[in-house]
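Q: I am attaching a structure below and will ask some questions about it afterwards.
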Amino acid sequence: MTTTAGDLVHTKMELEAGGDLTAYLENYVYRQLTTVLTPRVMQLRRLVIGEVSRFPELAKVLYERGPARATAALAGTFERLAAGGLLEIRDPSVAASHFNWLVMSAPLNQAMLLGDAAIPKPAELRRQAEEGVRVFLAAYGKH
């Protein structure tokens, strides 16, 4: 069985009782960013997007095993965090989508459109994770 980027990002990772939610989310995001923004994954995404009209089944499989799977796993995590009183979320799937695009959109677009040399460095990804989590918690954190 092949390990996918989705497998690496969504290895069961739970927040320990009394753990730091901010640090937990920042580590989660950083792991997601560093896994997805590798040259190999970016090259595969570019190839599949470029050939989606010729190979729609391939694109569907990549989507289902990558972004859709990642968002569903994140929604489950957010549902558990909300049940534990750590987040205020009406719809975990919507919150997962918000979170994903809040932290992924800029570095993903940069890497997709400008090539592998434009993949942000680890320090930039850490900053992206920190700022994305800060904004997410302003909207969904317990107030």
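The values are calculated or read from the model by the stated rules, or taken from the named source; none is laboratory data. Bear in mind the structure is a predicted one, so any value in this text is a computation, not a measurement. We place every Cβ from the backbone using ideal geometry, glycine too, and count neighbours over all the protein chains shown.
Q: Write out, first by first residue and then by second, each pair whose Cβ atoms fall under 6 Å of each other, whose residues are 6+ apart or on separate chains, and whose first residue, in the stretch 27-46, is closer than 24 Å to Glu57 by Cα while the second is not in a helix (DSSP H, G or I).
A: Leu37/Ile119
Q: Another one. Report, by residue number, each residue of the stretch 114-133 that is in contact (Cβ under 8 Å) with a residue 40 or more places away in the chain and of a type in the set (D, E, K, R).
A: Answer for the stretch 114-133, where residues must be in contact (Cβ under 8 Å) with a residue 40 or more places away in the chain and of a type in the set (D, E, K, R): Asp116, Arg126, Glu130.
Q: A further question follows. Taking the condition of a type in the set (D, E, K, R), crowded, with 16+ Cβ neighbours inside 10 Å, part of a helix (DSSP H, G or I) and at pLDDT 95 or above, does Glu64 pass?
A: On the way: of a type in the set (D, E, K, R): yes; crowded, with 16+ Cβ neighbours inside 10 Å: no; part of a helix (DSSP H, G or I): yes; at pLDDT 95 or above: yes.
No: the conditions fail for Glu64.
Q: With respect to Ala139, is the statement that it is among the hydrophobic types (A, V, I, L, M, F, W, C), modelled with pLDDT of 95 or more and more than 22 Å from Glu16 (Cα to Cα) true? Working first, answer last.
A: On the way: among the hydrophobic types (A, V, I, L, M, F, W, C): yes; modelled with pLDDT of 95 or more: yes; more than 22 Å from Glu16 (Cα to Cα): yes.
Spelling it out, Ala139 is indeed among the hydrophobic types (A, V, I, L, M, F, W, C), modelled with pLDDT of 95 or more and more than 22 Å from Glu16 (Cα to Cα).
Q: Given the criterion within 23 Å of Glu14 (Cβ to Cβ) and within 17 Å of the chain's Cα centre (by Cα), identify the matching residue among Pro67, Pro39.
A: On the way: Pro39 fails: within 23 Å of Glu14 (Cβ to Cβ).
Criteria check complete, one pass: Pro67.
Q: Could you tell me whether any residue of the stretch 86-95 is assigned to a helix (DSSP H, G or I) and surrounded by 19 or more Cβ atoms within 10 Å (Cβ to Cβ)? It would help to see each step written out before you state the result.
A: We begin by selecting, within the stretch 86-95, every residue assigned to a helix (DSSP H, G or I); these are 92-95.
Still in the running and surrounded by 19 or more Cβ atoms within 10 Å (Cβ to Cβ): 92, 95.
Yes; the residues of the stretch 86-95 include at least one that is assigned to a helix (DSSP H, G or I) and surrounded by 19 or more Cβ atoms within 10 Å (Cβ to Cβ).
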